[in-house]
Amino acid sequence: MNANEEQPKPIATNRAPVWPMVIAYVERNYADDGADTVSKLVADMHERDELGLKRYSVKLTAHNGRDHMIDAYQELLDFVVYTRAWLDEHGIDVLAPGMPTKASDPDNIKLEDLTLNPRERTMMNLFCAATEALLQLRGMLS
């Protein structure tokens, strides 16, 4: 199976749209932290839902003619390179899960005592977790 093959355009179904399910899950399970993070996330989700409707003329639903595992895999491929690019922009290399380093000479990498700020650590952890998820998903695709 070519996991990078273009998927068909989604078709309309009588299934419930997925974005409201995700939004309800977030609102039900995550308390706002005082900085309106959850409210901002929910607003972003509504915006993505509308963007998808404009782009595809249908709401995202199950059984819409697409293989959602392949969609997830392809989106994670992009996510991994975006997070890795962000780390590179901040001078951070990741040699193994949870092992950040700064490599001034790519041919002579030395592990340094590297303290990451919370944003850098989050991006490193997301990169590592997404890479692991990619390996799991790829193993499930025929």
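The values are calculated or read from the model by the stated rules, or taken from the named source; none is laboratory data. All values reported here derive from a predicted model rather than from experimental measurement. Methodologically, a virtual Cβ is constructed for each residue, glycine included, from the backbone with ideal geometry; neighbour enumeration extends over all protein chains shown. All accessible areas refer to the heavy atoms of the entire protein, side chains included, with ligands and DNA or RNA removed. Shrake-Rupley method; radii C 1.70, N 1.55, O 1.52, S 1.80 Å.
Here are the numbers for the structure shown:
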item	result
Within region 27-59, backbone nitrogen closer than 18 Å to the virtual label 7 Å beyond the Cα of residue 12 toward Cβ	50-59
Surface share of carbon and sulfur [accessible, 1.4 angstrom probe, percent] for the chain	54 percent
Rounded tilt (10° steps) of 118-140 against the dominant C-alpha axis of the chain	60 degrees
Total charge dipole magnitude, the chain, about the Cα centre, Cβ charges on Lys, Arg, Asp, Glu only, Debye to nearest 20	600 debye
In order through region 66-74: 3J(HN,Hα) via Karplus (6.51 cos²θ - 1.76 cosθ + 1.60), integer Hz, x for Gly, Pro	10, 8, 5, 5, 5, 4, 4, 4, 5
Mean accessible surface per residue for the chain, computed with a 1.4 Å probe while every protein chain stays in place, in Å²	70 Å²
Dipole axis of the chain (+1 Lys, Arg; -1 Asp, Glu on Cβ), positive-most option in 116, 126, 65	65
Local electrostatic count at residue 60 - Lys and Arg +1, Asp and Glu -1, tallied over other residues with Cβ under 13 Å	+3
Residue 58 long-range amide H proximity, modeled H, under 5 Å	none
